[in-house]
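A.B. asks: Have a look at this one.
The values are calculated or read from the model by the stated rules, or taken from the named source; none is laboratory data. It should be emphasised that the depicted structure is a prediction, and the values quoted were computed from it without experimental measurement. With ideal geometry, Cβ positions are generated from the backbone for all residues, glycine too; neighbour counts draw on all protein chains shown. Just the protein is used for accessible areas: all its heavy atoms, side chains included, with ligands, DNA and RNA removed. Shrake-Rupley method; radii C 1.70, N 1.55, O 1.52, S 1.80 Å.
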Amino acid sequence: MGFVSTILGFCGFGVGVSCGLTIGYYLFIYFQPCDVKDPVIRPLVERDSKSLQQLLSEIPLWVKCPDYDRVDWLNKFLEYMWPYLDKAICRTAKDIAAPIIAEQIPKYKIDSVEFETLTLGSLPPTFQGMKVYVTEEKELIMEPSIKWAGNPDVTVAVKAFGLKATVQVVDLQVFAAPRITLKPLVPSFPCFANISVSLMEKPHVDFGLKLLGADLMSIPGLYRFVQETIKDQVANMYLWPKTLEVQILDPSKAMKKPVGVLHVKILRAMNLKKKDLLGASDPYVKLKLTESKLPSKKTPVRHKNLNPEWNEEFNMVVKDPESQALELSVYDWEQIGKHDKMGMNVIPLKDLTPDESKTMTLNLLKNMDANDAQNDKDRGQIMVELTYKPFKEDELPKDFEDNDAAHKVPEGTPPGGGVLMIIVHEAQDVEGKHHTNPYVKILFKGEERKTKQVKKNRDPRWGEEFNFVLEEPPVNDRLHMEVVSTSTRIGLLHPKETLGYVDINLSDVVSNKRINEKYHLIDSKNGRLQVELQWRTAS
């Protein structure tokens, strides 16, 4: 009886289960609950910012913050270049670590420390966005947002006392927001002298650490301790305003800062040729240093004289005596029309002995082409006295970023006076009604100076420098600067027009010694003029 009951029980269970599954399937398929409503679909624009961040936690910074720019091209570049960058970076890391390890392991009685495997994995870092700052100085500031959830494999084998232990770093994650400053910008490739890197906030660092195959980070409390220790150590070293400085170029060579002064005395010229119809000439001398942006200096005109005497002295700033040369050109002044060139010559500064005066008599040539037969003709001679005085070590400019301000005050400057240095950098959004060929006209204490003209350009760059020697600080003086455009076509209609002007009070320059600002031009819709002003005293 017990056996029969057992058999019937199993049969009943099987039949019941089968019936239950069949009935449940049909109920699930053919009967729908009436209390379930269709979901309401709403556009994302109707969501508030908090709801959006909860729904899309990984919104890129260029979406959340308008100041950040998209850099998809950079991420694509890294994706294609990562296999090669991986090998190059790992090879460089090994080369840098090898001497450091060799120096440190004897202190801890360790036999050897070697990389068994070193690879950054197949996943490159990504840039979520980049912010670029525009300043008035010679620098470029970038703030990228970097995220790297990589799969590196770094295995280090340590041997000591006949035992070997392996430590492996895996699953590295780094989130950082560095500030990268390229400063100063220089006219030598790669066009910046230093890289400064600092962190704007503490970085997030997460990784797995295995010792002999066991995950050390699973030890209670160790994971958080390691994370916080790394964050604090990195922050102590590189959190802004602390920076990591990497020198790319020698600043003195890149910026070609002043290293000395060339004293030039134009004495006289002899046996010059007649250029005027009445049998005489009106000579004067123009002189300048090669590789210099400064305008040429001139002597006075000696009218109707073929053997003129000047005895004029000039001081010229030298930046590279090995490559620069003094270029002398003698011209015949004409009241109307172009001045005729009577001859020229060049004196390399490397031929001068420092701190030693040298008087030279040079033949005037047509040009510096040694193969030109016309240079054999007699054009007269010019006599000059030159003295190159290099700066002493304590006189050299300490801050290479202020190289343009390193000019020495000329000898003879009154004790209470100095030199007002004006550097016209650039203009932006200047536009004339009939033509836009801008140049800058400077008016100060009755003197007028001009920059070169830039044709058909609304954003001209000049980078020209002008010096005014003053007997006293210009505390109560004003500087008038005017952007002017002249027509390049011959005609009487609209030959010249003003694109804007600005009057600058110089009291701030005297008190601060240096200002570098963009001034909004008066009588201009959006025009701006960037000018750097410096006051150099004789003391």
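A.B. asks: Return yes when T387 is open to solvent by 70 Å² or more (accessible area, probe 1.4 Å), part of a strand (DSSP E or B) and modelled with pLDDT of 75 or more and no when it is not.
C.D. replies: no
A.B. asks: Would you check which residues across segment 170-199 are under 23 Å from D232 (Cβ atoms) and of a type outside the set (V, I, T) and list them?
C.D. replies: D171, L172, Q173, F175, A176, A177, P178, R179, S196, S198, L199 - these are the residues of segment 170-199 that are under 23 Å from D232 (Cβ atoms) and of a type outside the set (V, I, T).
A.B. asks: Another one. Find all pairs meeting these conditions: Cβ atoms under 7 angstrom apart; at least six residues apart or on different chains; first residue within segment 364-379 and without any contact (Cβ under 8 Å) to a residue 24 or more places away in the chain and among the charged types (D, E, K, R); second residue open to solvent by 70 Å² or more (accessible area, probe 1.4 Å) and part of a loop (DSSP other than H, G, I, E, B).
C.D. replies: Every condition considered, the pairs that remain are D372/K366.
A.B. asks: When only residues in segment 450-486 that are free of Cβ contacts under 8 Å to residues at least 24 places away in the same chain and not aliphatic (A, V, I, L, M) count, which is least open to solvent (accessible area, probe 1.4 Å)? Let's see the steps before the verdict.
C.D. replies: First pass over segment 450-486, keeping only residues free of Cβ contacts under 8 Å to residues at least 24 places away in the same chain: 450, 452, 454, 456-457.
Adding the requirement that they be not aliphatic (A, V, I, L, M) leaves 450, 452, 456-457.
Values: K450: 105, K452: 115, K456: 171, N457: 53 Å².
Checked segment 450-486; the qualifying residue least open to solvent (accessible area, probe 1.4 Å) is N457.
A.B. asks: For segment 438-450, give me the residue count where each residue is farther than 15 Å from T498 by Cβ and in contact with a strand residue (DSSP E or B) (Cβ under 6 Å, 6 or more places away or on another chain).
C.D. replies: Here is the first cut: in segment 438-450, the residues farther than 15 Å from T498 by Cβ are 444-447, 449.
Then keep just the ones that are in contact with a strand residue (DSSP E or B) (Cβ under 6 Å, 6 or more places away or on another chain); that gives 444, 449.
Result for segment 438-450: 2.
A.B. asks: Given the conditions (1) assigned to a loop (DSSP other than H, G, I, E, B); (2) among the polar types (S, T, N, Q); (3) open to solvent by 60 Å² or more (accessible area, probe 1.4 Å), and given that S524 satisfies all but one, which numbered condition is not satisfied?
C.D. replies: (3)
A.B. asks: Of all residues in segment 456-478, which are out of contact with any strand residue (DSSP E or B) (no Cβ under 7 Å at 6 or more places or on another chain) and either β-branched (V, I, T) or in a strand (DSSP E or B) (or both)?
C.D. replies: Passing the criteria: only V475.
A.B. asks: In segment 106-135, what count of residues is obtained for those that are over 17 Å from F77 (Cβ atoms) and in a strand (DSSP E or B)? Write out each step before concluding.
C.D. replies: Just the residues of segment 106-135 that are over 17 Å from F77 (Cβ atoms), to begin with: 106-119, 121, 131-135.
Remaining after also requiring in a strand (DSSP E or B): 112-119, 131-133.
Number of matching residues: 11.
A.B. asks: Continuing with this model, one more query. Check whether at least one residue in segment 333-351 is surrounded by fewer than 16 Cβ atoms within 10 Å (Cβ to Cβ) and β-branched (V, I, T), and report yes or no.
C.D. replies: So far as segment 333-351 goes, yes, one or more of its residues are surrounded by fewer than 16 Cβ atoms within 10 Å (Cβ to Cβ) and β-branched (V, I, T).
A.B. asks: May I pose another question? Residues to consider are D340, D332; find the one that is more than 12 Å from Y388 (Cα to Cα), of a type in the set (D, E, K, R) and in contact (Cβ under 8 Å) with a residue 60 or more places away in the chain. Give the steps one after another, and end with the answer.
C.D. replies: On the way: D332 fails: in contact (Cβ under 8 Å) with a residue 60 or more places away in the chain.
The match here is D340.
A.B. asks: What tally of residues in segment 280-302 results from selecting those that are in a loop (DSSP other than H, G, I, E, B) and open to solvent by 60 Å² or more (accessible area, probe 1.4 Å)? First the steps, then the outcome.
C.D. replies: Step one: list which residues in segment 280-302 are in a loop (DSSP other than H, G, I, E, B), which gives 280-282, 290-296, 299-302.
Add one more test, that the residue is open to solvent by 60 Å² or more (accessible area, probe 1.4 Å), and what stays is 291, 293, 295, 302.
Going through segment 280-302 one residue at a time, the tally reaches 4.
A.B. asks: So, one more: In segment 373-382, what count of residues is obtained for those that are open to solvent by 40 Å² or more (accessible area, probe 1.4 Å) and either of a type in the set (A, V, I, L, M, F, W, C) or in a loop (DSSP other than H, G, I, E, B) (or both)?
C.D. replies: 4
A.B. asks: Is it the case that segment 75-97 has a residue that's within 30 Å of K164 (Cβ to Cβ), open to solvent by 60 Å² or more (accessible area, probe 1.4 Å) and either at pLDDT below 65 or of a type in the set (D, E) (or both)?
C.D. replies: In the first step, residues of segment 75-97 are kept if they are within 30 Å of K164 (Cβ to Cβ); the result is 86-97.
From what's left, open to solvent by 60 Å² or more (accessible area, probe 1.4 Å): 87, 89, 91-92, 94-96.
Subsequent filtering for residues that are either at pLDDT below 65 or of a type in the set (D, E) (or both) retains 95.
Within segment 75-97, one or more residues are within 30 Å of K164 (Cβ to Cβ), open to solvent by 60 Å² or more (accessible area, probe 1.4 Å) and either at pLDDT below 65 or of a type in the set (D, E) (or both).
A.B. asks: Report yes if I504 is modelled with pLDDT of 80 or more, in contact with a helix residue (DSSP H, G or I) (Cβ under 9 Å, 6 or more places away or on another chain) and surrounded by 15 or more Cβ atoms within 10 Å (Cβ to Cβ), otherwise no. Full working, then the answer.
C.D. replies: On the way: modelled with pLDDT of 80 or more: yes; in contact with a helix residue (DSSP H, G or I) (Cβ under 9 Å, 6 or more places away or on another chain): no; surrounded by 15 or more Cβ atoms within 10 Å (Cβ to Cβ): yes.
Criteria not met by I504.
A.B. asks: A further question follows. Considering only segment 101-130, how many residues are under 32 Å from the mean Cα position of the chain (by Cα) and among the hydrophobic types (A, V, I, L, M, F, W, C)?
C.D. replies: At the first step, the residues of segment 101-130 found to be under 32 Å from the mean Cα position of the chain (by Cα) are 120, 123-130.
Then keep just the ones that are among the hydrophobic types (A, V, I, L, M, F, W, C); that gives 120, 123, 127, 130.
Here the count works out to 4.
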